[in-house]
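Visitor: A single structure is presented below for examination.
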């Protein structure tokens, strides 16, 4: 297996396991982990509460049963609101400790308006400054526990658009999870980001999207869940994101971290039968990496 393919991991959201409230049905944990292992994945992110055990020991044991380990997890945080400062710090410390004890290395933060994922508001100058300060505080917490914080730009959060990303780049030193789909969603070319901000890339989510479906979501006319159900996220290589260009740019620059296939999926209308459902899309995405991306990297090295 190529060095690139050995660093490809999975995320439970690819099976519809999502932290966003009211997202959809959750497939049984054993089924999801079995399908991940069957595709050759050796690492995964944590997923939504209830997917894996609550304790670090439980997480390590359950993943170990499938020959897998934990990378870390997606962590919504409220960073702009001074009134929630101490609560956020306390929660971040508890989460960082759990990730460390479970074998994880990445604290994947996402700056939400509130824990109900309300639509993001326009930040005041003081709120922007407080958010920048809080990124630094969480960086320090992560360093204490041997983790790396990586900020995940995400639709319907306070770091959603290209301008939001630029503001963070200019106001603090936090590293990023380069999510190819959500960056493109908000108008940030992910290849350009990989070229211009390589020193800030600490983690990568590979996701493809249909850009013709983006604007109604950004205009708050269509929910992200509705757009997901309508097919805005495609298997890798079938959307409008230059997945190949992102990977080539990162590899040429010496990136040695993980690439997580994070294929946002929402399961509604009943659970799919065994061997059906999300497994097909993930298999298609993995085939694209194996058959198209990896050989191109090898031929250009």
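Read-outs throughout are calculated quantities, based only on the coordinates presented, and are distinct from any laboratory measurement. On a predicted model such as this, the values are computed, not experimentally measured, just so you know.
Visitor: Considering the Cα positions of region 183-301, please state its Rg to one decimal place and its Dmax as a whole number of Å.
Guide: According to the Cα coordinates of region 183-301, Rg and Dmax are 15.5, 46 Å.
Visitor: Compute the semi-axes of the equivalent ellipsoid of region 21-104, taking the square root of 5 times each eigenvalue of the Cα gyration tensor, and list them largest first in whole Å.
Guide: That gives 27, 15, 10 Å for the three semi-axes.
Visitor: Taking the Cα centre of each part, how many Å lie between region 195-267 and region 100-173?
Guide: With region 195-267 and region 100-173 each reduced to a Cα centre, they are spaced 18 Å.
Visitor: What value does region 77-232 have for Rg/Rh, both radii from Cα atoms and Rh as Kirkwood defines it?
Guide: In region 77-232, Rg relative to Rh is 0.96.
Visitor: Out of all DSSP beta bridges with both ends in the chain, state the antiparallel percent to the nearest 5.
Guide: Of the beta bridges lying entirely in the chain, close to 5 percent run antiparallel.
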